[in-house]
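This report refers to the structure that appears directly beneath it.
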Amino acid sequence: MIILLTGATSGIGFETLKQLIADGHTVYAIGRDFSKIDFFIQNYKSQIFNFNFDFNQVDQIDELFSKFNLENQKFDALVHCAGVEETLPLSLYSTSKVRNIFDVNVFSGIELLRHFTKKKYCNDGAGIVFLSSVMGILGQPGKIGYCATKAAVLGVVKSGALEFAKRKIRINAVLPGIINTPMTKKLFSQINDDQIKEIENMHPLGFGEVEDVVPTILFLISKNSRWITGQSFVIDGGYSIQ
């Protein structure tokens, strides 16, 4: 398969990249800093085509697609992992701050979907996965912006699944709980050990690893999920059932 993958340089995105390459697929990888994974890319130059892009630049996604040289081939899947996490009290929000997080977490995904599903780029029967969050179906103080964006992603997935069903294009979402990623480490650096332990205790199975999430992503872009679309798959170690 030929897969378009965003957020490819870190966390769940990077683990997805590694698994896709191990399975022999070709990946058009999008990220902000490929120097972090250059050691990996150098070993798989024939399978990885990398593109530097910041999804704050929503209006430049059209230009990004124009750089893809598919050589009369088309994409078989899209995995959209790029996104930002934010904890900020409502009193500190402004219109511009809300717009910024929606640009990256929501509007970029809509634009990706709009371009990806053009017949010149995407095969019928393609699989698409959006990375949302368990916070898209729950709430938490200080996360109004983040929760709102991740909930919006689920609306995109459901509506998109219906719109493109006639082409057998499947669109689903994966909703992780807290996963050990660089983004999580940055968050935990701002709180003390007791607070971290309290958060961990809210997950009956403890914090997750990227390896706990990626198999579901791979399943959802495979032909084994050909009758699954518009669904939200929660992978949160039991956090949401308490």
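The values are calculated or read from the model by the stated rules, or taken from the named source; none is laboratory data. Keep in mind that what you see is a predicted model, and the values were worked out from it rather than measured. All Cβ positions, glycine included, derive from the backbone under ideal geometry; neighbour counts span all protein chains shown. Side chains included, ligands, DNA and RNA excluded: accessible areas come from the protein's heavy atoms. Shrake-Rupley method; radii C 1.70, N 1.55, O 1.52, S 1.80 Å.
Listed cross-link partners Lys120/Lys158; Lys18/Lys119; Lys119/Lys168; Lys36/Lys143 are compared with a 18 Å cut-off, the Cα-Cα value being larger for Lys120/Lys158; Lys18/Lys119; Lys36/Lys143. For segment 177-230, dividing the convex hull volume of the Cα atoms by the residue count gives 106 Å³ per residue. Each stretch of four or more DSSP H residues adds -39500 (n - 2.57); spread over every residue of the chain, this sum gives -10500 deg cm²/dmol at 222 nm. The charge dipole of segment 89-191, taken about its Cα centre with unit charges on the Cβ of Lys, Arg, Asp and Glu (plus for the first two, minus for the last two), comes to roughly 260 debye. Just grab the label-to-label distance for Ile228 and Ala22, each label 7 Å out from Cα along the Cβ direction, in nm (one decimal). So the label points at Ile228 and Ala22 sit 1.9 nm apart. Dipole size of the chain about its Cα centre, with +1 on Lys/Arg Cβ and -1 on Asp/Glu Cβ: approximately 920 debye, rounded to the nearest 20. For Lys166, list the aspartates and glutamates whose Cα falls under 12 Å from its own Cα; do not include residues on the same chain fewer than 8 positions away. Those aspartates and glutamates meeting the cut-off are Asp124.
Value of Rg to Rh for segment 6-110, rounded to two decimals, is 1.02; Kirkwood radius and Rg both from alpha-carbon coordinates. Rolling a 1.4 angstrom probe over the protein heavy atoms with all chains in place gives the chain an accessible area of 50 Å² per residue. Counting only heavy atoms of the protein chains and using a 1.4 Å probe, Cys81 has close to 20 Å² of accessible surface. Lys/Arg Cβ at +1, Asp/Glu Cβ at -1, dipole of segment 138-195 taken about the Cα centre: which of Gly139, Ile169, Ser159 is farthest positive-ward? Positive-most Cα among the choices belongs to Ile169. Taking every Cα-Cα distance in segment 99-242 and sorting them into 5 Å bins starting at zero, the pair-distance distribution P(r) comes out as 2, 9, 17, 21, 20, 14, 9, 5, 3, 1, 0 percent. Using DSSP to call loops (not H, G, I, E or B), can you name the trypsin sites (Lys or Arg not before Pro) in segment 156-242 whose Cβ has at most 14 other Cβ atoms within 10 angstrom? Filter output for segment 156-242: Lys168, Arg226. If both residues of a DSSP beta bridge must be in the chain, then about 0% of such bridges are antiparallel. Ligands, DNA and RNA left out, the accessible area of the chain computed with a 1.4 Å probe is 51% carbon and sulfur. Each of Val98, Pro182, Tyr239 was scored by the projection of its Cα onto the charge dipole of the chain, and the greatest displacement toward the positive side belongs to Val98; charges sit on the C-beta of Lys, Arg, Asp and Glu.
Of all segments of the chain bounded by GluC sites (Glu not before Pro) found in a DSSP loop with no more than 14 other C-beta atoms within 10 Å, the longest spans 72-208.
For Asp124, the solvent-accessible surface with a 1.4 Å probe is about 100 Å², rounded to the nearest 10.
The mean sequence separation of alpha-carbon pairs under 8 Å and at least six residues apart, normalised by the residue count of segment 1-54, gives a relative contact order of 37 percent. Each Lys and Arg contributes +1 and each Asp and Glu -1, all at the Cβ; summed about the Cα centre of segment 21-79, the dipole is approximately 180 debye.
Applying the Kirkwood pairwise sum to the alpha-carbon positions of the chain produces a hydrodynamic radius of 18.3 angstrom.
Counting only aspartates and glutamates at least 8 places from Lys118 when in the same chain, those with an alpha carbon closer than 12 Å to its own are Asp62.
Only Cα pairs under 8 Å and 6+ residues apart enter the sum, and on that basis the relative contact order of the chain stands at 20 percent.
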